[in-house]
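Q: Here it is, the structure in full.
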Amino acid sequence: QVQLVESGGGLVQPGGSLRLSCAASGSRFSIYVIGWYRQAPGKARELVTFITSDGSTNYADSVKGRFTISRDNAKNTVYLQMNSLKPEDTAVYYCTAQEGRLLYWGQGTQVTVSS
């Protein structure tokens, strides 16, 4: 079982920045594919980005050039740097850890982009 704890969410004005963190338990962190999903009110959950064990990354078109995912295996932590935030980025952001067919979810952190 992997425990994931997200932090760093909050209220930010359009054009602002936030950095989300996802801290994971366990000793196998370095082999996990770590992802960030988000779910806005009334919308389906969507994959925002993920990072593989070798550091390869992938981004949804809606966040390319604005969001950056990174990982620090020594700290069992993944970061999501979000810049140039837009109101449509408002959502609950969830961290996931995948190992094979197993997918673990965090509890989520709220990000609200509003003036």
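Q: Could you list the trypsin sites (Lys or Arg not before Pro) in the range 1-55 that lie in coil according to DSSP, counting only those with at most 15 other Cβ atoms within 10 Å of their Cβ?
A: Hits after loop and neighbour filter: R28, K43, R45.
Q: What is the distance, in nm, between label points placed 7 Å from the Cα along the Cα-to-Cβ direction at A60 and at N83?
A: 2.0
Q: Now a separate question. Separation of the range 86-105 and the range 24-67 by C-alpha centroid, Å?
A: 6
Q: Please report the net charge: other residues with Cβ closer than 12 Å to the Cβ of V78, K and R +1, D and E -1.
A: Net charge around V78: +1.
Q: Let me ask something additional. Among V78, V63, V48, determine the one that fluctuates most according to a GNM of the chain built with springs between C-alpha atoms less than 10 Å apart.
A: V63
Q: Given a 1.4 Å probe and every protein chain left where it sits, what share in percent of the accessible area of the chain is carbon and sulfur?
A: C and S fraction of accessible area: 46 percent.
The values are calculated or read from the model by the stated rules, or taken from the named source; none is laboratory data. Note that this is a predicted model, so its numbers are computed, not measured. Quick reminder, even Gly has a Cβ in these numbers, built from the backbone with ideal geometry, and neighbours come from all protein chains shown. Side chains are part of the model used for accessible areas, which takes the heavy atoms of the whole protein and leaves out ligands, DNA and RNA. Shrake-Rupley method; radii C 1.70, N 1.55, O 1.52, S 1.80 Å.
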